[in-house]
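The values are calculated or read from the model by the stated rules, or taken from the named source; none is laboratory data. These figures come from a predicted structure and were not determined experimentally. Please note: Cβ atoms are built from the backbone with ideal geometry, for glycine as well, and neighbour counts cover all protein chains shown. All accessible areas refer to the heavy atoms of the entire protein, side chains included, with ligands and DNA or RNA removed. Shrake-Rupley method; radii C 1.70, N 1.55, O 1.52, S 1.80 Å.
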Amino acid sequence: MSVAFVLDWLRGKAEVNQETIQQLLEENDQLIRCMVEYGRVNECVQYQHVLHRNLIYFVTIADANPTSASKAME
């Protein structure tokens, strides 16, 4: 299960740190590699859902911290 999944009562209380972000990036890499390897849409739907949730998590972090996101781009 993705590290981005948290219980509703814990949402917003987790600290975003480099380790969590790195884990998500590595998980996304594995998901994409699996999708490329399998190649069939029906077998990849589960991976696509997890990848989508991870990407939404990243977008949420970026939206919540617009100044730190712009610093990361530098």
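Data for the structure
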{"quantity": "Cross-chain or 6+ apart pairs with Cβ under 8 Å, the range 10-36 first and over 13 Å from residue 50 (Cα atoms) and among the small types (Gly, Ala, Ser), then part of a helix (DSSP H, G or I) and at pLDDT 80 or above", "calculated": "14/20"}
{"quantity": "Sole residue being modelled with pLDDT under 85 and either assigned to a helix (DSSP H, G or I) or surrounded by 13 or more Cβ atoms within 10 Å (Cβ to Cβ) (or both), chosen from 72, 14", "calculated": "72"}
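The rows are residues; the columns are (1) in contact with a Pro (Cβ under 7 Å, 6 or more places away or on another chain); (2) modelled with pLDDT of 85 or more; (3) open to solvent by 80 Å² or more (accessible area, probe 1.4 Å).
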| site | (1), (2), (3) |
| --- | --- |
| 1 | no, no, yes |
| 6 | no, no, no |
| 24 | no, yes, no |
| 28 | no, yes, no |
| 56 | no, yes, yes |
| 63 | no, no, yes |
| 67 | no, no, yes |
